[in-house]
Amino acid sequence: MKQSNEKVVYTTCASHCGGTCVLKCYVKAGVLTRIETDDGKEAQLRACAKGRAYRQRVYHPDRLLFPMKRVGKRGEGKFERITWDEALDTVAGELIRVRDTYGPASILYLWRAADMHQINNSNPFHKLLTLAGGYTGLWGIASFQGGISASEAQYGTRTTDNARDDLLNSRLIILWGWNPANTITGTNTSWYLAQAREAGSRVIAVDPRHTDTAAIFADEWIPIRPGTDAAMLIAMAYVMIDKNLQDRAFLDRYTIGFEKFKDSVLGLKDGEAKTPSWAEQITGVPASTIENLAVEYVTTKPAALMTGIAPGRTAYGEQYHRAAMTLAAMTGNVGIHGGSAGARAWESSQWYPFKMKFPRSRTSKGVHKADLPDFILKGKAGGYPADPKLAVILNTNYANQDLNTNKVVQGLMALEFIVVQEQFMTATAKFADILFPTTTFLERNDIDQGVGTAFYGYVNKVIEPLGECKSHLEIARELAVRMGIADFGDESEDELLRQEVAGTEIPDYEEFKTKGIYRIKLDEPYVAFKKQIEDPDNNPFPTPSGKIEIYSSKWATCNNPKLPPVPTYIETWESRNDPLSAKYPLQLITTHFKRRVHAQFDNVPWLRELEEQAILINSIDAQVRGINKGDKVKVFNARGMVIITAAVTERILPGVVDMPEGAWSEQDENGVDWGGNPNALTRNQPSPIGSYPFNTCLVEVEKL
Amino acid sequence: MEQIGFFFNQTRCTGCYACIVACKDWHDIPAGPASWIKISAVEKGKFPDVYLGYLFTTCFHCGDPLCLKACPVQAITKGLEDGIVVVNTDSCIGGEECKFACLKACPYKVPQFGTESNPKMQKCDLCKDRLAEGKMPICIAACPLRALDVAPLDQFMAKYGNMRKAEGFKYIKRVNPSIVFRPKD
């Protein structure tokens with residue numbers, strides 16, 4: 001298919017979707033002309049619609065091509081072009097000024113993950129700012145902080161997931177708030193689900209929505225109210241205990257604290273037995289359905305409870321994760337083929353058996369990102385560790401994606417200086433004083449890794465950087481020079497990548513670079529905790545007790561009634577019973593939209609035209625409000641208002657509405673958002689362990 | 001003549017749109033009303049007893065294509081060996097000239113037109129160029145669920161049975177669309 005003068009470059013797309021997919025790029029005269037995907041042996045690592053649309057992203061007319069400085073008021077989005085010299089001098093000058101005037105703790109480094117890469121990620125700036133004297137860290141992983149913390153409490157590690165091809169060994173797969181057909185979470189995940197189903201696995205989906213995953217792969221859909229998942233799981237534990245079906249040998253051998261959990265479930269502490277009827281009131285799931293699922297899960301082996309991370313993004317989301325892991329133990333499905341530890345249906349960096357150490361977020365230090373506006377506005381007077389003055393922002397569309405947009409904006413407006421590194425004029429870029437234009441992954445080199453599958457991906461530079469765009473590494477290095485930092489290091493991108501590969505499983509760097517993929521050969525699908533289960537004496541769990549802590553000693557020391565040591569259902573704020581529900585009776589969830597990756601790709605024409613951003617509302621709720629399909633509606637609560645199209649459907653639980661996250665804000669002069677961004681409505685209150693409750697929010701919907 | 005056709009496994013399709021975007025990229029079709037592939041959602045029932053299936057639609061390279069007969073300048077031809085139906089863009093006089101005769105004739109509304117004035121007809125050509133090089137059509141190669149396949153239609157019928165129906169799809173015997181399904185019940 002190659003034309004003359006056309007070369008082929010393999011690279012991997014590791015967007016923030018958990019896919020690491022092959023893009024076979026055709027380049028003619030330095031221009032990317034077409035894209036294919038993996039054309040090797042099965043299992044091919046095929047790209048999704050977003051990866052296939054990358055040509056329109058990289059060459060988008062709105063790409064930021066040169067540095068800019070703000071003219072006019074912050075947030076207006078008015079900029080003028082400047083040279084790199086002026087941009088870098090200004091930023092270096094401000095970093096030094098703020099550090100020397102107020103101290104390094106007044107510097108904020110606000111980053112998230114964007115592309116999941118080894119070199120061009122948050123590390124170059126972390127290194128720069130650390131060498132320059134430090135900064136106040138911000139923590140809290142929006143995706144799954146609750147899941148991580150719960151996992152670390154119960155298993156002592158966040159590395160808990162079996163490989164995706166192990167699903168072929170499951171006789172029963174429970175998809176709990178998990179929608180890989182839309183969210184990807186590992187290349188080929190949906191394909192393995194399809195194959196498992198076709199080979200005879202039974203699949204059950206528990207979700208407020210009849211998602212594409214539930215629709216296509218599940219034999220049964222169990223609709224559940226958002227924020228109540230822990231109640232259903234705990235009631236399932238009740239059923240297992242009541243019928244004496246739990247795996248007592250497993251619990252005795254590998255866990256501690258089951259008796260304390262059992263007491264709680266039976267209601268010995270609070271007088272309320274956590275029966276299916278108790279849970280029915282809370283969840284809306286019929287008691288018989290809860291009982292049947294419990295019996296099915298405990299009697300079908302092996303069974304994989306795939307714990308989606310969306311239910312963890314609720315006011316007490318960590319309890320859902322603790323309860324799910326506990327059921328995995330009660331059913332004896334930890335550490336076996338076809339089972340699942342039930343922690344998080346997501347596995348990213350540091351995942352065994354990779355020898356390469358991938359970057360992971362520095363945990364639990366500094367200020368929680370959801371508290372950032374408060375931190376900026378109150379500082380030390382509010383009990384925070386510093387008075388923030390300056391923010392370096394990259395790899396995140398913070399002003400679009402974080403809870404409670406209006407609060408976010410207040411915080412950003414109060415800083416003295418903001419520098420943003422971006423590809424487009426996003427909601428966040430608009431708040432910059434200086435804008436650094438940066439490259440896409442097609443314009444630089446890097447390494448990434450498979451999620452849920454054992455392979456490394458090479459990111460090959462396909463085309464030269466557009467305009468004056470620079471990579472993360474280049475920008476940080478040039479700032480280091482201007483800030484007089486001598487030991488930042490001057491290794492090239494290639495040298496750094498060769499260093500990464502040395503000492504790993506990858507035998508030949510050049511071959512890895514050319515092919516774009518290195519698959520780690522395993523004799524069988526990887527199973528987490530296999531050693532801990534097969535040889536527990538020599539392989540304790542990395543917890544204080546060496547066992548799975550159904551009663552978490554760590555959480556017990558917190559002495560926080562909202563962070564109990566055993567899995568407990570705690571009613572969320574803004575639940576159906578909240579007095580607020582009289583005014584705002586609908587539960588809003590903010591799911592992932594299949595034609596985007598969070599806020600990325602929202603501006604790509606081939607993708608935009610596939611589906612319109614809309615709020616999903618059940619026909620019953622729509623009818624009483626006089627809303628028909630395609631009507632414009634206003635969605636509001638005390639925190640804000642969004643105008644958006646209504647998509648009337650049968651595929652969502654009545655009482656629940658879904659406004660997919662990631663749509664680009666378009667605020668009018670009254671602060672009303674016309675872009676369909678749900679964060680105008682969400683509340684910036686983290687859970688006790690630091691979860692982001694994107695899925696705990698009450699709203700009302702009215703016809704416009 | 002060994003008619004080449006599609007196999008679409010409706011039980012696997014999750015409506016991810018990778019096929020649509022891959023096709024637009026490969027054939028350089030801009031965003032706009034013209035798309036050689038359509039994916040439609042078939043929804044039935046009332047909460048909580050709901051059904052969803054996705055349907056893949058493209059040119060089905062019919063055994064007896066009505067578009068071919070309707071074209072006033074014979075711009076549409078059917079391959080004598082492979083049965084692939086193609087439009088000759090040079091011969092096509094543009095939709096406004098002939099009042100979109102092929103589109104009116106096609107029961108599946110396959111012929112596509114861009115936004116330029118008097119647009120030429122465009123549609124799936126089963127990636128003839130790719131097939132000639134031993135490669136699969138771009139949509140087949142793209143599908144992350146492996147829900148699509150292309151081969152001589154006889155092979156599909158031998159393998160999957162004479163399954164010509166699917167949810168949301170109307171099998172029109174008269175035109176004999178070259179597609180076999182595994183429908184989602």
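The values are calculated or read from the model by the stated rules, or taken from the named source; none is laboratory data. The shown structure was predicted, so the numbers you read here are calculated from the model rather than taken from an experiment. Note that we place each Cβ from the backbone using ideal geometry, even for glycine, and neighbour counts take in every protein chain shown.
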Among (1) among the acidic types (Asp, Glu); (2) farther than 30 Å from A:Cys25 by Cα; (3) within 14 Å of chain A (Cβ to nearest Cβ), there is one condition B:Asp64 misses while meeting the rest; what is its number? (3)
Is there a residue in region A:563-580 that is of a type in the set (S, T, N, Q), surrounded by 21 or more Cβ atoms within 10 Å (Cβ to Cβ) and at pLDDT 95 or above? yes
Output for Cβ contacts, cut-off 7 Å, separation at least six or different chains, first residue under 22 Å from A:Ile617 (Cα atoms) and outside the structural domain of A:Ile617 (by TED's automatic domain parsing) in region A:558-587, second aromatic (Phe, Trp, Tyr) and surrounded by 15 or more Cβ atoms within 10 Å (Cβ to Cβ), reads A:Thr572/A:Tyr316
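Quick one: is B:Cys124 crowded, with 19+ Cβ neighbours inside 10 Å and out of contact with any Ser or Thr (no Cβ under 6 Å at 6 or more places or on another chain)?
Values: crowded, with 19+ Cβ neighbours inside 10 Å: yes; out of contact with any Ser or Thr (no Cβ under 6 Å at 6 or more places or on another chain): no.
So B:Cys124 fails the test.
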Selection count, region A:420-437, where residues are closer than 18 Å to A:Leu88 by Cα, of a type outside the set (S, T, N, Q) and not in a strand (DSSP E or B): 4
Determine whether region B:94-105 contains at least one residue that is under 23 Å from B:Pro177 (Cα atoms), more than 12 Å from the chain's Cα centre (by Cα) and in a loop (DSSP other than H, G, I, E, B). yes
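Just to be sure I understand, how many residues within region B:95-120 are surrounded by 15 or more Cβ atoms within 10 Å (Cβ to Cβ) and on the phi > 0 side of the Ramachandran plot?
Residues of region B:95-120 surrounded by 15 or more Cβ atoms within 10 Å (Cβ to Cβ): B:95, B:98, B:100-103, B:105-106, B:108, B:110-114, B:119-120.
If we keep only those that are on the phi > 0 side of the Ramachandran plot as well, we get B:100.
Result for region B:95-120: 1.
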Does region A:336-355 include one or more residues that are modelled with pLDDT under 95, surrounded by 24 or more Cβ atoms within 10 Å (Cβ to Cβ) and among the basic types (Lys, Arg)? yes
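For region A:236-347, which helices (runs of 4 or more DSSP H) that fit wholly inside it have 2 or more residues that are more than 22 Å from A:Glu534 (Cα to Cα) and out of contact with any strand residue (DSSP E or B) (no Cβ under 9 Å at 6 or more places or on another chain)? Please lay out each step first, then the result.
Working: elements: A:248-254, A:258-266, A:276-283, A:287-299, A:317-330.
Counting at least 2 such residues, we get A:258-266, A:276-283, A:287-299, A:317-330.
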Listed by first then second residue, the pairs whose first member lies in region A:669-693 and is free of Cβ contacts under 8 Å to residues at least 40 places away in the same chain, whose partner is surrounded by fewer than 20 Cβ atoms within 10 Å (Cβ to Cβ) and part of a loop (DSSP other than H, G, I, E, B), with beta carbons under 8 Å and at least 6 positions apart or on separate chains, are A:Trp674/A:Glu666; A:Trp674/A:Asp668
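Conditions tested, residue by residue: (1) surrounded by 19 or more Cβ atoms within 10 Å (Cβ to Cβ); (2) in contact (Cβ under 8 Å) with a residue 40 or more places away in the chain; (3) within 30 Å of A:Ile224 (Cα to Cα); (4) touching a Leu at 6+ places or on another chain (Cβ under 7 Å).
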{"position": "A:Ile533", "(1), (2), (3), (4)": "yes, yes, no, no"}
{"position": "A:Asp537", "(1), (2), (3), (4)": "no, no, no, no"}
{"position": "A:Tyr551", "(1), (2), (3), (4)": "yes, yes, yes, no"}
{"position": "A:Ala556", "(1), (2), (3), (4)": "no, no, yes, no"}
Residue selected from region B:1-28 under the condition within 16 Å of the chain's Cα centre (by Cα) and away from chain A (no Cβ under 11 Å), by the criterion surrounded by the fewest Cβ atoms within 10 Å (Cβ to Cβ): B:Gln3
Would you kindly identify the helices (runs of 4 or more DSSP H) lying entirely within region B:114-185 that contain at least 3 residues that are within 14 Å of chain A (Cβ to nearest Cβ)? B:128-132, B:138-142
List, please: which pairs have Cβ atoms under 9 Å, are six or more places apart or on different chains, and start with a residue in region A:162-173 that is farther than 15 Å from A:Gly450 by Cβ and end with one that is of a type in the set (Asp, Glu)? A:Leu172/A:Glu296
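Can you find a residue in region A:604-616 that is touching a helix residue (DSSP H, G or I) at 6+ places or on another chain (Cβ under 8 Å), more than 24 Å from B:Val42 (Cα to Cα) and assigned to a strand (DSSP E or B)?
In the first step, residues of region A:604-616 are kept if they are touching a helix residue (DSSP H, G or I) at 6+ places or on another chain (Cβ under 8 Å); the result is A:604-607, A:610.
Imposing the further condition that a residue be more than 24 Å from B:Val42 (Cα to Cα) reduces the set to A:604-605.
Filter again for assigned to a strand (DSSP E or B), leaving none.
There is no residue in region A:604-616 that is touching a helix residue (DSSP H, G or I) at 6+ places or on another chain (Cβ under 8 Å), more than 24 Å from B:Val42 (Cα to Cα) and assigned to a strand (DSSP E or B).
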Selection from region B:29-50 of residues more than 8 Å from chain A (Cβ to nearest Cβ), over 15 Å from the mean Cα position of the chain (by Cα) and not in a strand (DSSP E or B) yields B:Ile29, B:Pro33
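I'd like to verify a number: residues in region A:402-419 that are touching a strand residue (DSSP E or B) at 6+ places or on another chain (Cβ under 7 Å) and assigned to a helix (DSSP H, G or I), how many?
Taking region A:402-419 and keeping what is touching a strand residue (DSSP E or B) at 6+ places or on another chain (Cβ under 7 Å), we get A:405-406, A:412, A:415-419.
If we keep only those that are assigned to a helix (DSSP H, G or I) as well, we get A:405-406, A:412.
The qualifying residues number 3.
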Would it be correct to say that A:Gln600 is more than 13 Å from A:Gly655 (Cβ to Cβ) and modelled with pLDDT of 95 or more? yes
Name the residue that is farthest from A:Thr90 (Cα to Cα), counting only residues in region A:59-72 that are in contact with a helix residue (DSSP H, G or I) (Cβ under 9 Å, 6 or more places away or on another chain) and part of a loop (DSSP other than H, G, I, E, B). A:His60
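Does A:Lys243 satisfy the criteria of being basic (Lys, Arg) and at pLDDT below 95? Walk me through how you get there before you give the answer.
Numbers: basic (Lys, Arg): yes; at pLDDT below 95: no.
No.
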Is one or more of the residues making up region A:202-225 crowded, with 24+ Cβ neighbours inside 10 Å, on the phi < 0 side of the Ramachandran plot, part of a helix (DSSP H, G or I) and acidic (Asp, Glu)? no
Can you give me the ranges of the strands (runs of 3 or more DSSP E) entirely in region A:637-704 with at least 3 residues that are small (Gly, Ala, Ser)? A:640-649
With the requirement that a residue be buried (at least 17 other Cβ atoms within 10 Å of the Cβ), over 12 Å from the mean Cα position of the chain (by Cα) and either within 17 Å of A:Glu611 (Cβ to Cβ) or basic (Lys, Arg) (or both), what does region B:54-84 give you? B:Tyr54, B:Lys78
